[in-house]
1. Taking 8 Å as the Cα distance limit and 6 or more residues as the minimum spacing, I'd like the relative contact order of the chain as a percentage.
2. Can you tell me which of Ser41, Ser345, Ser96 moves the most in a GNM of the chain? Springs connect C-alpha atoms under 10 Å apart.
3. What is segment 38-132's relative contact order, in percent, from Cα pairs under 8 angstrom and six or more apart in sequence?
4. Once you have the Kirkwood Rh of segment 15-161 from its Cα pairs, apply Stokes-Einstein at 25 °C and 0.890 mPa s and quote D in µm²/s.
5. Treat each spin label as a single point 7 Å out from the Cα along the C-beta direction, and report the Arg90 to Thr253 distance in nm.
6. Percent of Cα-Cα pairs per 5 Å bin, from 0 to the last occupied bin, for segment 288-345, please list those.
7. In whole Å, what are the Cα extents of segment 232-302 along the three principal axes, biggest one first?
8. Would you list, by chain and number, the lysines whose Cα falls below 20 Å from the Cα of Lys326, excluding same-chain residues fewer than 8 positions away?
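The values are calculated or read from the model by the stated rules, or taken from the named source; none is laboratory data. Source: prediction; values computed, not measured. Heads up, the Cβs are rebuilt from the backbone with ideal geometry, glycines too, and the neighbour counts pull from every protein chain shown. Heads up: the accessible areas ignore ligands, DNA and RNA and are worked out on the full protein's heavy atoms, side chains in. Shrake-Rupley method; radii C 1.70, N 1.55, O 1.52, S 1.80 Å.
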Amino acid sequence: MAEAKMVHSPTLTYFSMLSLLTLCPPFVILLWYTMVHANGSILQTWDYLRQQGLRGFLEMWPKPTAVAWKIIACYGVFEAALQLWLPGRRVEGPISPAGNRPVYKANGLAAYAVTLITYLSLWWFGIFNPIIVYDHLGEIFSALIFGSFIFCILLYIKGHVAPSSTDCGSSGNMIIDFYWGMELYPRIGKNFDIKVFTNCRFGMMSWSVLALTYCIKQYEANGRVADSMLVNTALMLVYVTKFFWWEVGYWNTMDIAHDRAGFYICWGCLVWVPSIYTSPGMYLVNHPVDLGTQLALYILAAGILCIYINYDCDRQRQEFRRTNGKGLVWGKAPSKIVATYTTTSGETKSSLLLTSGWWGLSRHFHYVPEILAAFFWTVPALFNHVLPYFYVVFLTILLFDRAKRDDDRCRSKYGKYWKLYCEKVPYRIVPGVY
């Protein structure tokens, strides 16, 4: 397991893990404070910390409150109930390294619709005001930081004492096991998949809920919603809608099928997604920008186009796999490589590698429109402050690193077939450049 994870040098790997474990939690609070209380200015926050020092930072960090815990608990229980009880078709995931095939219930789109309709109805009928979420946002993030850390410790213990399948194991290093995770498919009972909950139903769902929250907060504070906020919210909702429309495909990706359930994935989805991924909208709440109808529509159209291309890339590969390489790609028979590999249990299996369509442009071309989409839902903030663009920079680094990890994993899995694939599709992400 350790060798599979250390795609960089051991020194860089340990440094990266320890840095993320220690720096990500305080960064979430610093970003929230800067967006909400320091006018979005990094310099203003820096001046405050320079004058007040560690004591100032500790005063800046809000304590988790009963209200914050109640909001998180109600949301988490609601999403868990939808995951368990909403009807959905039975879907099989990809064969795991140990030869297992996980089974899921595909009800994500229904859960998404029920969540947004419920949230907006609670606001519309005066039962619950989303402003409460915004006004307690720092406390909620603080509670998520600590609560999710404890959750990851429990996952680590579960991996040792009660793994859900044979797709588990220890590297022999506690830090690596905690960071990367022990289990590939941890479950509670037979049907409640923990990674589907953390990644999809808590993390991605919270993105849409908070996007609406920021929009409602600006409306109730100013009596109107600026076109910049409308574009930002619309593009985020289109993207998350695309995600749940395609959720079955997501279960075949690296996050679910290859990355184990540890701090990297689970803490990231429980804390980093709701705080960092939504941050452009968090900034716009107090910094409305009037773009004008024409510019707003241009940005909206460009963002939707990027989201569609990102979706079509994934749809194309999913359809290619579903038809066993027999469907058409851009109106033609697909170019492909039949690659054989051996599972950890010694079985020989085969996969089809698509080398035409979007997947003939580069090995991870779908990351290009994803990064551009993030830029287009951030650019309505314009350029008075750099912090709203942190998510775009972070996403770019994340996806470039993920592309390298995926390439290294596939090189190890497919051997000579991957070398042939790279000869046919030489660029990793940006065609003609990288």
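1. Working: 589 pairs, mean separation 71.7, N = 434.
Relative contact order, the chain: 17 percent.
2. Checking each option, the largest mean-square fluctuation is seen for Ser345.
3. Relative contact order, segment 38-132: 15 percent.
4. After rounding, the answer is 131 µm²/s.
5. Inter-label distance under the simple model: 2.7 nm.
6. In whole percents, the pair-distance histogram is 4, 14, 15, 13, 12, 11, 9, 8, 6, 5, 3, 1, 0.
7. The Cα atoms of segment 232-302 stretch 45, 25, 13 Å along the principal axes, largest first.
8. Lys336, Lys349, Lys424
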